[in-house]
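Input: a single structure, listed below in structure tokens.
The values are calculated or read from the model by the stated rules, or taken from the named source; none is laboratory data. This one's a predicted model, so the numbers in the text were calculated from it and none came from an experiment. When we count neighbours, we look across all protein chains shown, and the Cβ atoms used for this are built from the backbone with ideal geometry, even at glycine. Accessible surface is based on the protein model in full, side chains and every heavy atom, while ligands, DNA and RNA are left aside. Shrake-Rupley method; radii C 1.70, N 1.55, O 1.52, S 1.80 Å.
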Amino acid sequence: MAHLLIVDDEPSICWGLQRLAEQMGHTASVAASAEQAMILARQNRPDVIIMDVRLPGMDGLEALKKIHADFGPLPVIIITAFGDLPTAVEAIRTGAFEYLTKPFELRAAERAIQRAIESIQPPLELRSPGPAALLLEDHIVGRSPLMQELFKRIALVAPTEACVHLRGESGTGKELVARALHRYSRRHAGPFVAVNLAALSPSLIESELFGHTEGAFTGAERARKGLLEAAHGGTLFLDEVADIPPAVQIKLLRALEYGEVLPVGADRPIRVDFRLITATNRDLRRRVAEGKFRHDLYYRICTFEIELPTLAQRPEDIPELAEHFLTLLSAKHGLNRPRLAPETLVELQKRPWYGNVRELRNALEHALVLVRGNIILPEHLPPPASQPPRETSPADSIRELLRDWAETELRQNPEIENLYEKFLQLVEPPVLEAALNQTQGQYAAAARRLGLHRITLRKKLQQYGISKSPPSSEKLPDS
């Protein structure tokens with residue numbers, strides 16, 4: 001139990017924070033001015049002080065310096081007016097532990113108080129990470145509406161035996177979701193086997209998944225159990241499932257349909273019972289349409305789909321994620337847990353985060369290595385990552401180029417009235433020429449493949465000045 005001192009000249013704020021402290025199991029006293037607070041602090045030294053900046057008499061920033069001079073590094077939570085960022089920055093630089101911006105929610109105050117109390121406990125380097133710290137690794141953080149919807153879908157499907165497919169960009173936490181699905185399933189006592197298919201050698205992927213017998217191929221000196229068999233009674237998580245070779249897709253489908261696997265070199269199948277969760281950051285539907293992924297396997301593994309939001313779609317979760325990772329990484333490295341300067345939090349919320357949550361975690365770990373004090377500043381963060389190239393088809397690329405061209409034309413020529421005609425002049429000639437080239441200059445065949453009448457094709461060729469001499473049998477009539 002800790003003792004809090006609340007300093008504010010607004011009775012309603014003092015009352016609310018005092019009630020909150022008592023509900024958290026702590027004691028609290030209140031003061032309406034910094035001078036009164038100093039008297040109370042000498043009578044009963046507080047563990048944490050919550051103090052407004054705007055006070056009658058001595059202001060909060062001046063009082064903060066005096067408190068530290070008289071009582072040492074006592075955690076002081078500063079309350080600032082809404083939008084008063086310069087004051088908040090100055091408060092942190094003066095030594096405030098945390099700041100709350102009016103109007104603030106009690107939950108935010110509760111988290112700040114809890115962190116302040118934790119900061120006066122023995123430093124983390126003197127304590128080995130316990131089971132609770134280890135559990136943080138699998139903790140999914142977020143309070144945004146998108147994350148609440150994600151939690152709802154996890155809760156709905158976890159108790160079932162349905163195959164689940166996770167769709168999301170790299171770094172959004174697909175394996176965390178897969179582990180949560182296993183943890184809340186009826187198979188939670190069984191094994192959780194995770195494998196990234198993109199990391200496996202294409203020549204050995206079948207052996208890795210289904211196992212092999214001794215002597216099945218060169219180098220197979222002894223029999224080996226496959227990953228599907230290793231997941232028996234539990235959950236198998238296949239990440240980057242789009243990279244499964246076609247021949248292996250057939251065997252995986254059979255394993256799902258009949259509950260048996262045939263190791264490489266074996267003549268009898270082995271019974272297996274596992275729940276499958278798959279994930280990819282690629283468009284499986286497109287790969288099915290391109291013939292690179294079996295449609296029957298696609299429908300089998302996509303019984304229930306969950307889409308993970310990008311970090312850019314839920315910026316309101318960044319402060320909580322940052323606090324979570326700082327706690328986790330400080331315990332991992334055996335370091336005192338620093339805090340984020342207000343300007344650092346602003347910088348974190350401003351970045352595009354193309355690498356999503358993984359990039360945020362890496363950025364905070366980078367900062368944790370560099371920081372030598374108790375406050376992480378923007379200069380401790382690594383440079384923002386550049387946008388990775390996206391998987392696009394030629395049609396998608398053309399569509400993007402045409403959209404950019406059209407927007408540029410409309411912007412540069414506000415009075416333009418023939419944009420569609422200019423568009424046709426841009427795209428029709430290369431299409432007509434390609435059709436003629438593919439049909440060796442046969443007009444009838446070219447017109448048929450284009451879906452045009454031969455007369456229409458001739459007129460368009462004349463319009464664009466495209467000269468192509470067809471074979472004598474294919475010459476067009478003059479009229």
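The order of the peptides 283-296, 221-234, 45-58 by mean Cβ neighbours within 10 Å, most packed first, is 45-58, 221-234, 283-296.
If you roll a 1.4 angstrom probe over the protein chains with everything in place, what fraction of the accessible area of the chain belongs to carbon and sulfur, to the nearest %? Summing carbon and sulfur atoms, their accessible area is 53 percent of the total for the chain. Sequentially through segment 426-442, phi angles give Karplus couplings (6.51, -1.76, 1.60; θ = phi - 60°) of 7, 9, 5, x, x, 5, 5, 5, 5, 5, 5, 5, 5, 9, 6, x, 7 Hz, Gly and Pro residues having no value and appearing as x.
Going 7 Å from the Cα of residue 375 in the Cα-to-Cβ direction, what parts of segment 60-76 have a backbone nitrogen less than 14 Å from that spot? Flagged as within label range: 61-62, 64-65, 76.
Candidate values (1) 39; (2) 30; (3) 58 were compared with percent of Cα pairs over 34 Å apart computed on the shown model; the agreeing label is (3). Take 26-34, 418-426 and order them by the average number of nearby Cβ atoms within 10 Å per residue, most first; the result is 26-34, 418-426.
From helices alone, the chain scores -14000 deg cm²/dmol at 222 nm; the rule is -39500 (n - 2.57) for each run of n ≥ 4 DSSP H residues, then divide by the residue total.
May I ask which residue of 430, 24, 452 lies farthest towards the positive end of the charge dipole of the chain, with charges of +1 (Lys, Arg) and -1 (Asp, Glu) on Cβ and the Cα centre as origin? It is 452.
Amide H contacts of residue 2 (H built 1.01 Å from N, in plane; Pro and chain starts excluded): 27 sit under 5 Å, all sequence-distant by 5 or more or on other chains. Label point of residue 102 set 7 angstrom out along Cα-Cβ; within segment 1-43, amide nitrogens under 11 Å from it belong to 8-14. Computed about its Cα centre, the charge dipole of the chain is approximately 1500 debye, with only Lys, Arg, Asp and Glu carrying charge at their Cβ. The simple spin-label model puts a point 7 Å past each Cα toward its Cβ; for residue 440 and residue 3 those points are separated by 10.0 nm. Annotation: peptides 324-330, 311-317, ranked by per-residue average of other Cβ atoms within 10 Å with the highest first, follow the order 324-330, 311-317.
Of the residues 46, 5, 97, the one whose Cα sits farthest towards the positive end of the charge dipole of the chain is 97 (charges of +1 on Lys and Arg Cβ, -1 on Asp and Glu Cβ, taken about the Cα centre). Basic side chains Lys and Arg get +1 at the Cβ, acidic Asp and Glu get -1 at the Cβ, and with that the dipole of segment 262-399 about its Cα centre reaches some 420 debye. For the chain, the longest principal axis of the alpha carbon atoms and the long axis of helix 106-119 meet at an angle near 70°. Sequence-distant contacts, meaning Cα pairs under 8 Å at least 6 residues apart, place the relative contact order of the chain at 11 percent.
The dipole here belongs to segment 195-273: it is taken about the Cα centre, uses +1 on the Cβ of Lys and Arg and -1 on the Cβ of Asp and Glu, and is about 200 debye. Using R0 = 35 Å, the C-beta based FRET efficiency linking residue 247 and residue 385 works out to 0.45. Counting only DSSP beta bridges with both residues in the chain, tell me the antiparallel percent, nearest 5. Just about 5 percent of them are antiparallel. Compared with the alpha-carbon gap, the fully stretched path from residue 303 to residue 258 is longer by 14.5 nm at 0.36 nm per residue.
Protein-only accessible surface at a 1.4 angstrom probe places the residues 323, 307, 10 in the order 307, 10, 323, largest first.
Against the chain, whose longest principal axis is taken from its Cα atoms, helix 11-23 shows a tilt of about 80°. Compared with the alpha-carbon gap, the fully stretched path from residue 271 to residue 285 is longer by 2.0 nm at 0.36 nm per residue. Could you give the angle, 0 to 90 degrees to the nearest 10, between helix 356-370's Cα long axis and the longest principal axis of the Cα atoms of the chain? Once rounded, one gets 50 degrees.
Multiplying the residue separation of residue 161 and residue 403 by 0.36 nm and removing their Cα-Cα distance gives an extension gain of 82.7 nm. Ordering 192, 144, 211 by the projection of their Cα atoms onto the charge dipole of the chain, which places +1 on the Cβ of Lys and Arg and -1 on the Cβ of Asp and Glu, puts 211 at the extreme positive end.
Ligands, DNA and RNA are left out, and with a 1.4 angstrom probe the accessible area of the chain is 54 Å² per residue. Annotation: amide H-H contacts under 5 Å for residue 278 (H modelled 1.01 Å from N, sequence separation of 5 or more, or interchain): 164, 165, 166, 238.
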